Amino acid sequence: MRYEGVLTKMKTELQKEVEYYMVFESDFLNVNQILNKRISINFLRYQCMNCGLEKKVFAQGFCYDCYTSIPQAGDWIMNPEMSKAHLDEEDRDLEYEKQVQLKPHIVYLANSSNVKVGVTRKTQVPTRWIDQGAHEAIEIVEVPNRYLAGITEVALKAHVADKTNWRKMLTNDIKDLDLAEEREKLKQFIPEEAMQYFLADNKETEIHFPVLQYPEKVKTLNLSKAPFYEGVLKGIKGQYLLFEDGTVFNVRSHEGFVVELSIL
């Protein structure tokens, strides 16, 4: 069986174990169904996810020209505290920025390798946690815009990590914690403007990933350096495919890569 198309972030469904789907232009693949099968990935060319041209991907699936101009790649995406739509101030496209920034946002704690604080739109719960490979997560505040979420994250990351140790996450070097207890410890550091949005009674979400075998050590597959790979798929966690030989492939970091994927 063969699939060809531009890679995008895998779609997910929170079930007993997370269900993963690779979606191509005219087809899709339930990735869970090919666990324990030998697959090959062959990099064919780039395709910018915005303009559609065959131009080298610079970041987030976009070519350099698009990345530096389109609102979907503004600085406020990675740094929510830089959001200005609530002030009616434009960064790149005020209408787009209002659509995204002036929606309910969640500041959360997620535990994938260590406890980290993060921000996501409410509509992206629990997708965001799955994408990070978190086995447990809990909401801290639900605020009406991205700016308030951003300043809350900035205040809290002085006291808790804001990055995942992806190697520990992929080798399953994890520990379970009482995230409600961790949230309570951080409550005192929430900015005054966001304190009214604190979620005192929100319960922890547990997430289970379809992994048959975790690697002891990880080797990263980068298609721009090694355009062909073949191996037996042993698991899916976060946005990574885990292979029998310890190779891990981050699908999301290869958005905009056109590949041929074969199930052998």
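Suppose we filter the range 1-38 for residues that are part of a strand (DSSP E or B) and under 17 Å from the mean Cα position of the chain (by Cα); how many remain?
Of the residues in the range 1-38, 8 are part of a strand (DSSP E or B) and under 17 Å from the mean Cα position of the chain (by Cα).
Consider the range 243-264 and keep the residues that are among the charged types (D, E, K, R) and within 23 Å of Trp129 (Cα to Cα). The one that is surrounded by the fewest Cβ atoms within 10 Å (Cβ to Cβ) is Arg252. For the range 119-141, name all the residues that are small (Gly, Ala, Ser) and either in contact with a helix residue (DSSP H, G or I) (Cβ under 8 Å, 6 or more places away or on another chain) or part of a helix (DSSP H, G or I) (or both). Those that are small (Gly, Ala, Ser) and either in contact with a helix residue (DSSP H, G or I) (Cβ under 8 Å, 6 or more places away or on another chain) or part of a helix (DSSP H, G or I) (or both): Gly133, Ala137.
So that you can scan it fast, the table gives a plain yes or no per residue for (1) of a type in the set (A, V, I, L, M); (2) in contact with a strand residue (DSSP E or B) (Cβ under 7 Å, 6 or more places away or on another chain); (3) assigned by TED's automatic domain parsing to the domain that holds Phe198; (4) crowded, with 23+ Cβ neighbours inside 10 Å:
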| residue | (1), (2), (3), (4) |
| --- | --- |
| His135 | no, yes, yes, no |
| Glu142 | no, yes, yes, no |
| Gly150 | no, yes, yes, no |
| Ala155 | yes, no, yes, no |
| Val160 | yes, yes, yes, no |
| Arg167 | no, no, yes, no |
| Asn172 | no, no, yes, no |
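Report, by residue number, each residue of the range 192-230 that is of a type in the set (Val, Ile, Thr) and over 29 Å from Glu182 (Cα atoms). The answer is Val218, Thr220.
Selection of the range 2-48 for residues being of a type in the set (Phe, Trp, Tyr), touching a Lys or Arg at 6+ places or on another chain (Cβ under 9 Å) and buried (at least 16 other Cβ atoms within 10 Å of the Cβ) yields Tyr20, Tyr46. The single condition among (1) among the hydrophobic types (A, V, I, L, M, F, W, C); (2) touching a residue at least 60 places away in the same chain (Cβ under 8 Å); (3) in contact with a Pro (Cβ under 9 Å, 6 or more places away or on another chain) that Leu186 does not satisfy is (3).
Checked against the criterion of being farther than 23 Å from Tyr20 by Cβ and assigned to a strand (DSSP E or B), the range 191-207 has at least one qualifying residue. Checking each residue in the range 84-118 for being closer than 25 Å to Asp173 by Cβ and assigned to a loop (DSSP other than H, G, I, E, B) picks out Ser112, Ser113, Asn114. In the range 224-242, the qualifying residues are those that are assigned to a loop (DSSP other than H, G, I, E, B) and touching a Leu at 6+ places or on another chain (Cβ under 9 Å), and the one that is surrounded by the most Cβ atoms within 10 Å (Cβ to Cβ) is Gly238. Taking the range 133-177 as the range and being aromatic (Phe, Trp, Tyr) and within 15 Å of the chain's Cα centre (by Cα) as the test, only Trp166 passes. Could you tell me whether any residue of the range 51-63 is assigned by TED's automatic domain parsing to the domain that holds Gln239 and of a type in the set (S, T, N, Q)? Checked against the condition, which is being assigned by TED's automatic domain parsing to the domain that holds Gln239 and of a type in the set (S, T, N, Q), the range 51-63 yields at least one hit. Determine if the range 95-111 includes at least one residue that is of a type in the set (Ser, Thr, Tyr) and in contact (Cβ under 8 Å) with a residue 40 or more places away in the chain. No: zero hits. State yes or no: is Asn42 assigned by TED's automatic domain parsing to the domain that holds Asn222, in contact (Cβ under 8 Å) with a residue 12 or more places away in the chain and not in a strand (DSSP E or B)? No, not satisfied.
The values are calculated or read from the model by the stated rules, or taken from the named source; none is laboratory data. What you see is a predicted model; the values in this text were computed from it and never measured. Methodologically, a virtual Cβ is constructed for each residue, glycine included, from the backbone with ideal geometry; neighbour enumeration extends over all protein chains shown.
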